[in-house]
Amino acid sequence: MGVKLQNRKYLLQSQFAWNEKIYLLLHSLGERISFGGGISALIPKWFITSRKAFNHLIENGYVLKKHGSLNTVDVGINGHNYSISLRRNSSDVLVFDQVLLEKEYQVVVDLLKENNMRCDTIVDAGANIGLTSLYLKSIFPKSEIYAIEPNKENFKILVKNIEDNQIENSRLSDKAIWNKETKLIPVTFRDGLDWSFSLEESNGEETSNEYFETTTIPTILRETGWQTIDLLKIDIEGGEAKLFEDPEEVKQWLSKVQAIVIEIHDELGVRPKILSILETSGFSLFDHGEHTVGLRI
C-alpha cells in the first residue's frame, strides 16, 4: 500500500520535532545546491538515517506516529499486530529494518521447523530494543523468553516494546551476558551507535562511574528452572570472545542448548575457536549473512 506523493512530504515532516525540522531544511538544501557538502556536515548521521528509513516506511504504507522523542510504527507480523517504539536519534530504525522488514532471523525459524525442533525456551542475548524477541514470539507465541540488554537507554525501550505489546512469559534483564559475574565498562565498538554497544571487564582503575553487572548462562538456567535453552541468540558486539573464552566451561552449559544463532565479529579473531567449540559440542553449522546457526540434529 503506497502513499500519495503530495502527502508523503507532510507525513515525513510530522515525524520530527520542530527543532529537528531545521535538519530537514538543511538536508533538502544540501540535496539541491552544489555546495551541499558543507551543509551536510551540519546534519547528524542519526537524522539522515532516520529520515531515509521513515521515508521508506511511509512509501510502503506503514503508519507512524510521533510521541515526544519517540516514534511508533504499527506493523503486522505473522498475524500479530505490534506497535513498535523507536528513537529518532539512534540506530533503532536500522534494527527495525533488519529484524522486522528484512526478517534476518527467518532462516533460523525455517531451520527449526524443517528439523521438527521445539522452541519453548528462548534466550535473546543482546536484545537491543526487543524486536528479535517480538519477532520470535510472533512465531512461537507459547515460548518463554529471557531478553538481556545492558545498555540502559536500549533497555528502557525494550521494556516499553514488550509491555506495550503485552508479551507474556517474558523476563527482561539489564545485565550483560558474560562468562562470569563481574563488572564491565562501556567501550567504543564499530560505528559507536547504540546497536554497537560493547563492554569489557573493569580493572578498577577507571574514572568512569558507569559500570554494568553481568550474568551467565548457568545463572539463567537456575533462575528460570529451564532444563534446556531451545534457542540461544547471541549478538553482543564482541562479548562473544569472552563468553567462549574457556572451551571446557562453555561446553558444560552448551550441552543444555538445542539451537544457537550467533553473530561473530571477525575483527576479534575468534571465529575459528567458536566454530570449533560448537562443532565439537555436536552442532551442525549453517552460515547466513552475519550469523552462524548451530543445530543439534
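The values are calculated or read from the model by the stated rules, or taken from the named source; none is laboratory data. Bear in mind that the values here come from a model prediction, so they are computed numbers and not experimental data. Here Cβ is always computed from backbone atoms with ideal geometry, including for glycine, and neighbour counts include all displayed protein chains.
Taken over region 122-133, the residue count meeting the criterion of being outside any loop (DSSP other than H, G, I, E, B) and among the polar types (S, T, N, Q) is 2.
Filtered by the rule that a residue be part of a loop (DSSP other than H, G, I, E, B) and either among the aliphatic types (A, V, I, L, M) or modelled with pLDDT under 95 (or both), region 136-162 gives P150, N151. Each residue in region 264-297 was checked for being acidic (D, E), modelled with pLDDT of 95 or more and under 20 Å from G126 (Cα atoms), and 0 of them qualify.
Set side by side, the residues I229, I260, I234 differ, and just one is within 15 Å of the chain's Cα centre (by Cα) and at pLDDT 95 or above, which is I234.
Go through region 228-243 and report how many residues are without any contact (Cβ under 8 Å) to a residue 60 or more places away in the chain and touching a Lys or Arg at 6+ places or on another chain (Cβ under 7 Å).
0
In region 98-121, is there at least one residue being assigned by TED's automatic domain parsing to the domain that holds I260, within 22 Å of I262 (Cβ to Cβ) and in a strand (DSSP E or B)? Yes, there is a match, as at least one residue in region 98-121 is assigned by TED's automatic domain parsing to the domain that holds I260, within 22 Å of I262 (Cβ to Cβ) and in a strand (DSSP E or B).
Within region 82-89, is there a residue that is surrounded by 18 or more Cβ atoms within 10 Å (Cβ to Cβ), aliphatic (A, V, I, L, M) and touching a residue at least 24 places away in the same chain (Cβ under 8 Å)? Checking region 82-89: at least one residue is surrounded by 18 or more Cβ atoms within 10 Å (Cβ to Cβ), aliphatic (A, V, I, L, M) and touching a residue at least 24 places away in the same chain (Cβ under 8 Å). The set of residues from region 55-65 being surrounded by 15 or more Cβ atoms within 10 Å (Cβ to Cβ) and under 22 Å from the mean Cα position of the chain (by Cα) comprises N55, L57, Y62, L64. Is one or more of the residues making up region 252-266 touching a helix residue (DSSP H, G or I) at 6+ places or on another chain (Cβ under 8 Å), among the polar types (S, T, N, Q) and surrounded by 15 or more Cβ atoms within 10 Å (Cβ to Cβ)? Looking through region 252-266, none of the residues is touching a helix residue (DSSP H, G or I) at 6+ places or on another chain (Cβ under 8 Å), among the polar types (S, T, N, Q) and surrounded by 15 or more Cβ atoms within 10 Å (Cβ to Cβ).
Restricting attention to region 163-204 and to residues that are at pLDDT below 95 and part of a helix (DSSP H, G or I), the residue that is nearest to K137 (Cα to Cα) turns out to be W195. On the stretch given as region 125-161, residues that are surrounded by 24 or more Cβ atoms within 10 Å (Cβ to Cβ) and either in contact with a Cys (Cβ under 7 Å, 6 or more places away or on another chain) or of a type in the set (F, W, Y) (or both) total 1.
Only strands (runs of 3 or more DSSP E) whose full extent lies in region 17-97 are considered here, and the ones with at least 1 residues that are modelled with pLDDT under 90 and touching an Asp or Glu at 6+ places or on another chain (Cβ under 6 Å) are 63-67. Taken across region 282-291, residues that are crowded, with 19+ Cβ neighbours inside 10 Å and of a type in the set (F, W, Y) do occur, with at least one present.
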